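Chemist: Handing you a structure now.
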Amino acid sequence: MEALREHPTRYVLLLLSLIVISLLFVSRLEIGNPPSVEKVFTITTHYYGVDAEEIQKVITIPLENAISILPGIKTIKSISETNTSRIFVTLHPTTEAQEFYLDLREQVDLVSSRFPRAVQRPQIFYSDTTREPVFIVSFYSPALPLPRLAEYVKEKLVPELQKLSGIGEIIIGGEAVEEVRISTYPDRMATYGISISQLVRNLQKAYLRQPLGELRTRSSQIPVFFDSSFTSLEDMLEFPLLYERDTLIRVKDLASVEKGYREPERISRINGETRVVLYIHASSEANILLLSKNIRNFVNGYEELQPLVVYDQGAKVEEEVKRLFTAVMISIGSLVVLMFLFTRNLRLTLSLSLPLPLTILVAFALFSLLGITVHTYLLSSLALGVGLIIDTSFVIFEHRRHSLHTPLTPLIPPVIASSLTTLITLLPLWYLRYEYVWIESLIMGFIFLFSLSFIIHFFFLDPPLSQSLLRVRNIRPLLPLTPLRKFFLSLAHGAYPENRVRRALMWGGYAGISVLSLILLLLLPKEITPPQLRDTYFLRVEYPPGTTIEAVDRFIQPYLGYLSQQPGILLVESRAERASANISLKFDPSRIYPEELKDLTEKGESLLGKGKVFTEESGEETGIQLEYVLTGDDYDTLKRHISQIAKRLSAQHWVSEVVLHFKDPPPSLILKPSMASSFYRVAPDEMGNTLRWFIQRPVALKWLFNGKELDLRVGMAPESVSPQDLSFLPLPASSQNTYTVRQFFSTTTSTLPSRYYRYNRQNALAFSFRVPPMPLERLSTLLKGFFSSLELPPGYAFHPDPLIATTQKSYSLLLLLLILAAFLILAVLIIQSNSVVQPLFVLSIIPPSLLFPLLGLLLARRSLSFPILLGLILLSGICVNNFILISERFLFFKKRCTNHYKALLLSLNHRFESLFLSTSTSMIGAIPMFWTRNPFSTSLAYTLFIGLAGAFLFTFWFVPLFLPSLTSRKSPEALSDIVQEDRV
């Protein structure tokens, strides 16, 4: 440090080298989104033409049994529905995702090798916890019909997108899957006595592709393959099935063969116009900002497809990061202006300001070097820390004003102590890093900032500061500090307890303020979910079970038109599925608020016919949505109990809506073989298979045609069959006569589930309900009172939404960590001062400092949130720095004054300037955070801003109260004498 002062050339070279090297690393800095809290794998398997019950039996349960043996799993949830099985595997926070994926892939491949041939290969996605898409983009081309465009997007764009780092599942709205359809003629087949099962078996036997081995010659080996596959549709039509009465029966005699497109699983529209839409999900550890940028660059390369970005979560993250970067720059600029108002000298201002941008620059360089992604929480810690690290500049400045040539070594212990008291309060938060992974980033940001600030201040501030002070003889601030100095010294002078009565009143006042702070901390209502600032609003519309995709798409058209005409709504995107539809509204937050959107969507609900609209948002404006799961053995029992519970729950005054995650399916037609089938020696399994092929049209085999794998489906010619058509369906019998279904079967009706749910390998049904915003404690009491009054059969159990229990646990832990932080501060101060009384004196500022933020919440009728509690913990370490500086000066003056009270007032007077500037700079540094629109950052900024103001006030108010414990009780001298003596 001293060598750099004496050799300016070395200082300049070292400074420039540090700046250049830091800029090189900053150019490669990665900016992204905060890390994900949970690790979730999604296994999706398609088996087209198969109902939910068979999906669960053939795919879901075998996969669950194989996956459940893997270590590190927290929960397993599954949904089995027509054509699709989805399994969601949530890992414990300590489980390594990459290692788990290898084991998961091995187990899934092992089980899927025993699946039927028509089952698609299971896909594994490392999905995010919300299961909502992070990017939605639509495509349109006037030159391509919609099915051809969907096929082009699926074959050309989706494979390239899947190569991008961080991509999860991609769902195609309006997807058109090309296939080959063999549509049989039931009457002809019955006439020839050929069942559809025979037709399928013959086709499967004829389609064979396999290696036979190798032929060896003297000089080479020749691989040999057997290939009896069809080369064209004409080959398939001419394929001979059997000889009947000296007549060759071919496929064309019994069925027609054509290529076409499968009925889409979803119909997507943009502002009412049919479009091909990609719903892109991200993996759990994806950098959404980088992923979004890569997706935008990719889709913009297909201008001929007119890509339209409907939703881009990465753009929101990027906008938030830019606001926080701006807040950091504004904080630095505001502090520079404040220092200029204090010094009235540009060179001195630049010297004092040098450590601020240099510390931020080196911090970003280290983040880049260590591969740390900069995100909103990390930037929040830097933005708030800028106003805190300036304290060291003022300490060194005060030292150099009085002595230009003495070393800075005596300042190192108090500066380290003040920094440690701030950082040590964050260490207990490390315990919560698995529940809230961003806490690790927050702690790391403050540690980097304070550590680098200490090094840079003591190495790079002193040389330019000393040179600047040599040229400045007298500092006259533009801001008049003398009136403020007199006011606060008068406050300290008047607060001195001259007699026992006054001393008792002061102690009572301090005790009252401390107790009030504790009461507010414990009794203020706790916030459950912070408000989310978004410009996209998500809805879900539910229709009666059995409603087709085309019907849903037709029913929602008037509703979509109504929404698109509302002022403030910029774009309406819809996705029609079986018996439901998903709608996303892109809106202008400056023209319309989420609560207004909620009212608009509910007013237009009559346009949906039998549909009912539900909002998928959860927050301050729309309420809190909770999901409960009931597990048991029998689906009918589960359904009966949940229906009763939902009815009772909807009658509660604190519940706004209840949504069942299942529907009563439409009546199913049950065909039971009659005695006639036995008389004609027709086996039940043969009849069942025949009817299944006729009705479901499942995949018989996969045909490799022109390098493209196509599903070959076999079924009855008409796409839609009524129960009356089915009753007259001709069936072959052994007597070569034709009979109909109604001759072989009796029909009844029953209800069978169209979707099956499982939770941790148990049958399950779920429901969700929405409650208005309310304190955490009240909601917890209401939930416990309601669900404890319910009686369930043996073997049935509720699995409540973990949000309430997790939030309660977090608040309890944070309160304990606040106490632990105060204890750690005390321990550091005792070690540093070799005393117990003085650290207790320093620690006494914490209770009254917490009062102002808590009182502000009470007056504003706001809840105590998680970031505010974090701010209080951080504030407990910051506010004691004032007392540390005062006690250091007090010990200095106590050696020179016989009256210790005079020594205390002299120390307050001497430290007033640095205390005022350090407090004001910290408060000014927090102000830009209020405009970031980030709930976490604004809550932290509010706590520090109000808390620091209160700490500064109470420093001068309560310091004399603790004086009798540390000093002799001599009469206080006149305040003017103290100020005058200090000036001399």
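The values are calculated or read from the model by the stated rules, or taken from the named source; none is laboratory data. Keep in mind that what you see is a predicted model, and the values were worked out from it rather than measured. Positions of Cβ are generated from backbone atoms using ideal geometry, with glycine treated the same way; all protein chains shown enter the neighbour counts. Note: accessible area is taken over every heavy atom of the protein model, side chains too, but ligands, DNA and RNA are not part of it. Shrake-Rupley method; radii C 1.70, N 1.55, O 1.52, S 1.80 Å.
Chemist: Using 0.36 nm per residue, how much length does the chain from L518 to K205 gain when fully extended, once their Cα-Cα distance is taken away?
Modeler: On the way: separation 313, 0.36 × 313 = 112.68 nm, distance 8.01 nm.
Full extension from L518 to K205 adds 104.7 nm.
Chemist: Label T326 and Q221 with points 7 Å out from Cα along Cα→Cβ: what is the distance between them in nm?
Modeler: So the two model labels end up 6.8 nm from each other.
Chemist: How far apart, in nm, are the 7 Å Cα→Cβ label points at T747 and R250?
Modeler: 3.7 nm
Chemist: Another question about this same structure. Please turn the phi angles of the range 509-523 into ³J(HN,Hα) values with the Karplus equation 6.51 cos²θ - 1.76 cosθ + 1.60 (θ = phi - 60°), one per residue in order, whole Hz, x for glycine and proline.
Modeler: Along the range 509-523, the couplings run x, 5, 5, x, 5, 5, 5, 4, 4, 5, 5, 4, 5, 8, 9 Hz.
Chemist: What angle, in degrees between 0 and 90 and rounded to the nearest 10, separates the Cα long axis of helix 438-456 from the longest principal axis of the Cα atoms of the chain?
Modeler: 40 degrees
Chemist: L704's amide H: which non-local residues (gap 5+, or another chain) put their own amide H closer than 5 Å, with H modeled 1.01 Å from N in plane and none for Pro or chain starts?
Modeler: Residues meeting the amide H criterion: L710.
Chemist: Still on this model: Ignoring ligands, DNA and RNA, what percent of the accessible area of the chain is carbon or sulfur (1.4 Å)?
Modeler: Values: 25340 of 44210 Å².
For the chain, the apolar C and S fraction of the accessible surface comes to 57 percent.
Chemist: Another question, if that's okay. Can you tell me the order of 540-548, 416-424 when each peptide is scored by its average per-residue count of other Cβ atoms within 10 angstrom, highest first? Walk me through the numbers on the way to the answer.
Modeler: Details: 540-548: 18.2, 416-424: 20.3.
Going by the mean number of other Cβ atoms within 10 Å, highest first, we get 416-424, 540-548.
Chemist: For Cα pairs less than 8 Å apart in space and 6+ apart in sequence, what is the mean separation divided by the residue count of the range 533-618, i.e. the relative contact order in percent? The partial results should precede the final answer.
Modeler: Values: 145 pairs, mean separation 37.1, N = 86.
Value for the range 533-618: 43 percent.
Chemist: How high is the relative contact order of the chain, in percent, counting Cα pairs under 8 Å that sit 6 or more residues apart?
Modeler: Numbers: 1652 pairs, mean separation 170.4, N = 984.
Value for the chain: 17 percent.
Chemist: H402 versus F239, label points 7 Å from Cα toward the beta carbon: distance in nm?
Modeler: Reported label-point gap for H402 and F239 is 9.8 nm.
Chemist: If you don't mind, there's one more thing I want to ask. Which order do the peptides 228-234, 274-280 take when ranked by the mean count of other beta-carbon atoms within 10 Å per residue, highest first? Write out the running numbers ahead of the final one.
Modeler: Details: 228-234: 13.3, 274-280: 23.9.
Result, highest mean Cβ count within 10 Å first: 274-280, 228-234.
Chemist: Right, next: Toward the positive end of the charge dipole of the chain, about the Cα centre and with charges on Cβ (Lys, Arg +1; Asp, Glu -1), which of F866, S674, S331 goes farthest?
Modeler: Of the candidates, S331 comes out farthest on the positive side.
Chemist: Sticking with this structure for a sec: Skip the ligands, DNA and RNA, and give the accessible area per residue of the range 533-618 with a 1.4 Å probe, whole Å².
Modeler: On a per-residue basis, the range 533-618 sits at 43 Å².
Chemist: Over the range 39-127, what relative contact order in percent results from Cα pairs under 8 Å that are six or more residues apart?
Modeler: Working: 153 pairs, mean separation 40.5, N = 89.
Taking the mean separation of contacting Cα pairs over the length of the range 39-127, I get 46 percent.
Chemist: Based on the mean of other beta carbon atoms within 10 Å per residue, what is the order of 847-858, 944-955, 85-96, most packed first? Kindly include the intermediate steps, with their values, before the conclusion.
Modeler: On the way: 847-858: 21.8, 944-955: 23.7, 85-96: 17.2.
The peptides rank, most packed first, as 944-955, 847-858, 85-96.
Chemist: Another one. Taking the solvent-accessible surface of protein heavy atoms with a 1.4 Å probe, what is the per residue accessible area of the range 39-127 in Å²? Don't skip to the end; give the middle numbers.
Modeler: Details: 3660 Å² over 89 residues.
For the range 39-127, the solvent-accessible area averages 41 Å² per residue.
Chemist: Separate question: Report the FRET efficiency, 1/(1 + (r/R0)^6), for R433 and H799, where r is their Cβ-Cβ distance and R0 is 25 Å, rounded to 0.05. Walk me through the numbers before you get to the answer.
Modeler: Working: r = 26 Å, r/R0 = 1.02.
Efficiency, from the Cβ-Cβ distance: 0.45.
Chemist: Considering only DSSP beta bridges with both partners in the chain, what is the antiparallel share in %, to the nearest 5?
Modeler: Numbers: 119 of 127 bridges.
That works out to approximately 95 percent antiparallel.
Chemist: In debye, nearest 20: dipole of the range 533-618 around its Cα centre with unit charges on the Cβ of K, R (+) and D, E (-)? Before the final figure, lay out each step's value.
Modeler: Numbers: 11 positive and 14 negative charges, 37 e Å.
Using Cβ point charges on Lys, Arg, Asp and Glu, the range 533-618 gives about 180 debye.
Chemist: Whole number in Å², please: accessible area per residue of the range 274-356, 1.4 Å probe, ligands, DNA and RNA not counted.
Modeler: Working: 3290 Å² over 83 residues.
Using a 1.4 Å probe on heavy atoms only, each residue of the range 274-356 averages 40 Å².
Chemist: Using Cα atoms only, what is the angle between the long axis of helix 900-926 and the major principal axis of the chain, expressed in degrees (0 to 90) to the nearest 10?
Modeler: Compared with the principal axis, the helix lies near 30 degrees.
Chemist: Separate question: Can you work out the PRE-style zone for Y593? Point 7 Å along Cα to Cβ, and I want the residues of the range 563-586 with backbone N under 20 Å.
Modeler: Of the residues in the range 563-586, 566-570, 585-586 have backbone N under 20 Å from the label point off Y593.
Chemist: Give me the distance between the Cα centres of the range 788-805 and the range 753-780, rounded to whole Å.
Modeler: One Cα centre to the other: 10 Å.
Chemist: Angle, helix 684-696 long axis vs. longest principal axis of the chain, Cα atoms, 0 to 90°, nearest 10?
Modeler: The answer is roughly 60 degrees.
Chemist: Given a Förster distance of 56 angstrom, what is the FRET efficiency for I69 paired with S810, based on the Cβ-Cβ distance and rounded to 0.05? Before the final figure, lay out the partial values.
Modeler: Working: r = 32 Å, r/R0 = 0.57.
It comes out at approximately 0.95.
Chemist: Given a Förster distance of 45 angstrom, what is the FRET efficiency for L481 paired with L782, based on the Cβ-Cβ distance and rounded to 0.05? If you can, show how the numbers build up before the last one.
Modeler: Working: r = 54 Å, r/R0 = 1.19.
So, using R0 = 45 Å, E works out to roughly 0.25.
Chemist: Further question: If each Cα of the chain is one equal point scatterer, what is log10 of I(q)/I(0) from the Debye formula at q = 0.06, 0.07, 0.10 Å⁻¹?
Modeler: -0.60, -0.76, -1.23
Chemist: Give me the number: length gained by fully extending E686 to Q98, i.e. 0.36 nm times residue separation minus the C-alpha to C-alpha distance, one decimal in nm. If you can, show how the numbers build up before the last one.
Modeler: Working: separation 588, 0.36 × 588 = 211.68 nm, distance 4.68 nm.
Full extension of this stretch gives 207.0 nm more.
Chemist: Working out 0.36 nm times the residue gap between A511 and E30, then minus their Cα-Cα distance, what length gain in nm do you get to one decimal? Before the final figure, lay out the partial values.
Modeler: Details: separation 481, 0.36 × 481 = 173.16 nm, distance 4.95 nm.
My answer for the length gained is 168.2 nm.
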